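The values are calculated or read from the model by the stated rules, or taken from the named source; none is laboratory data. The shown structure was predicted, so the numbers you read here are calculated from the model rather than taken from an experiment. Cβ placement follows ideal geometry from the backbone for every residue including glycine, while neighbour counts extend to all protein chains displayed. Remember, those area values only see protein heavy atoms, side chains included, never the ligands or the DNA or RNA. Shrake-Rupley method; radii C 1.70, N 1.55, O 1.52, S 1.80 Å.
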Amino acid sequence: MRSKSTKPPAATVLSRTLCSLMLASAFGFAGAAMAAPVKVGLALDISGPFAALGAEARDGFALGIKQLGGKLGGQPVEFVQADMAGSPDQAKQLVDRMVQRDKIDLFSGPIGSNIAIAVGPTLFAAKVPYLSSNAGPSQFAGAQCNAYFFGTAYQNDQFHEAAGKFAQDRGFKKMVMIAPNYPAGKDALGGAKRQFKGQVADELYTKLGQIDYAAELAQIRAAKPDSIYFFLPGAMGINFIKQFVGAGLSKDITLVTSGFSADEDVIGAVGEPMLGLFNTSHWAHDLDNAANKAFVDAFKKEYNGRYPSLYAAQAYDVIMAMDAAVKQAGGNAQNREAVIAALKKANYASTRGSFKYANNHFPVENFYLRVIGKDAQGKITNKTVSTLLTNYGDTYSDKCPLK
């Protein structure tokens, strides 16, 4: 259904901002302020294994850009967009082009940690601040941390450590763990095992993008666990949950997961079988702070009443962090030292509330337990239950040489 609003959808703002800058230049009335816009590379994943998550991030980016009038720190901005498609090789080529041809000042995205690891070295060598809107690979948190990388959302292990703590507190004894075979999947199970002290009956690593879990479900049935911890974002999680319930395993086995596999994108696709599923996150749409309330209200208004996902909230936060950093750097995004110093302060109104960065540029923040239920209108969605971890940092920061 089309929105009745006469305002352009936020998702068109990225393209329109770039087009307006090009037209102004072509017709000779760009003016002095338009001569050197802040150039931002946005790695979108709107195809490939992370497509659904990339679409959520795109909408979060777009809303933030629209609210800021297509500017950062009051300066005109040019967004250089590209679809990474979940491919490390393609991503590296595209980011090389952003750095060498487009001369970007800032960079954000992509969804996958394997892509983040692939493009990081190019950005670091060019001293381009990289604000990751989602991926938080352990490789960039410890000895290989970099002054130009900010894991603005989380470090991969943290979500899963919170879930492992919940499973331990709930008294589960025997668990099977399952995740895709890529860097974030390995971080996920490593993090969950760090807090869960019961028996891990099996660890199953699947192909990234896999959607048929018949073989894994047979292994799970044979193992007879009392619980399963799964990290299967996007379509992977959607299919796993449907097949798990369809196989009748939900009668005897409790599913535990993080927000990645139980967020609004998954809920909308699965529906009723999601009810009662516990999951962990650093953010929830019902967090009680002014910035989050304003964001959620604006997002629902912009996107026909749907709740934002954590991917949308994280992308929105990145735009606000960039805006604050450019402003605090006196509007000069080319002053890398000033931008980095400003980013480290995290001095902006985050949807998560206030937080700080550890020395490795990953957040020290709260992690919450959520459960999927129904809101006052009967819509299936997440509700915050409690705070599992307070002001929680990652386990790698002491290995990072940054001060």
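Screening region 347-370 for residues that are among the aliphatic types (A, V, I, L, M) and closer than 27 Å to Ser261 by Cβ and picking the one that is surrounded by the fewest Cβ atoms within 10 Å (Cβ to Cβ) gives Val364. The requirement of being under 20 Å from the mean Cα position of the chain (by Cα), without any contact (Cβ under 8 Å) to a residue 24 or more places away in the chain and outside any loop (DSSP other than H, G, I, E, B) is satisfied by Lys300. Exactly one residue out of Asp286, Asp297 is under 22 Å from Lys165 (Cβ atoms) and either basic (Lys, Arg) or open to solvent by 30 Å² or more (accessible area, probe 1.4 Å) (or both), and it is Asp286.
Selection over region 85-98 of residues that are in contact (Cβ under 8 Å) with a residue 40 or more places away in the chain and out of contact with any Ser or Thr (no Cβ under 6 Å at 6 or more places or on another chain) gives a count of 4.
Against the condition open to solvent by 10 Å² or more (accessible area, probe 1.4 Å), of a type in the set (Gly, Ala, Ser), assigned by the TED database to the domain that holds Phe124 and under 26 Å from Cys400 (Cβ atoms), how does Ala147 come out, does it pass? The answer is yes for Ala147. If I filter region 205-213 for residues that are assigned to a helix (DSSP H, G or I) and of a type in the set (Gly, Ala, Ser), do I get at least one hit? Checked against the condition, which is being assigned to a helix (DSSP H, G or I) and of a type in the set (Gly, Ala, Ser), region 205-213 yields no hits at all.
Regarding Pro233, is this residue of a type outside the set (D, E, K, R), in contact with a helix residue (DSSP H, G or I) (Cβ under 8 Å, 6 or more places away or on another chain), open to solvent by less than 10 Å² (accessible area, probe 1.4 Å) and modelled with pLDDT under 95? Considered against the rule, which asks whether it is of a type outside the set (D, E, K, R), in contact with a helix residue (DSSP H, G or I) (Cβ under 8 Å, 6 or more places away or on another chain), open to solvent by less than 10 Å² (accessible area, probe 1.4 Å) and modelled with pLDDT under 95, Pro233 comes out as yes. Quickly run through region 236-256 and pick out the residues that are over 26 Å from the mean Cα position of the chain (by Cα) and open to solvent by 30 Å² or more (accessible area, probe 1.4 Å). Once the filter is applied, which keeps residues that are over 26 Å from the mean Cα position of the chain (by Cα) and open to solvent by 30 Å² or more (accessible area, probe 1.4 Å), region 236-256 yields Val245, Gly246, Ala247, Ser250, Lys251, Asp252. When you scan region 133-140, do you find a residue that is closer than 20 Å to Glu337 by Cα, open to solvent by less than 20 Å² (accessible area, probe 1.4 Å) and either of a type in the set (Phe, Trp, Tyr) or at pLDDT below 95 (or both), even just one? Yes, that holds for at least one residue. Is it fair to say Gln195 is touching a Gly at 6+ places or on another chain (Cβ under 8 Å) and open to solvent by less than 30 Å² (accessible area, probe 1.4 Å)? Here the answer is no, as Gln195 does not meet what is asked.
Of all the numbered requirements in (1) assigned to a helix (DSSP H, G or I); (2) open to solvent by 10 Å² or more (accessible area, probe 1.4 Å); (3) closer than 22 Å to Val371 by Cβ, Leu217 misses one, and that requirement is (3). Would you mind stating whether Tyr307 is out of contact with any Phe, Trp or Tyr (no Cβ under 6 Å at 6 or more places or on another chain), outside the structural domain of Ala179 (by the TED database) and over 27 Å from Gln155 (Cβ atoms)? Here the answer is no, as Tyr307 does not meet what is asked.
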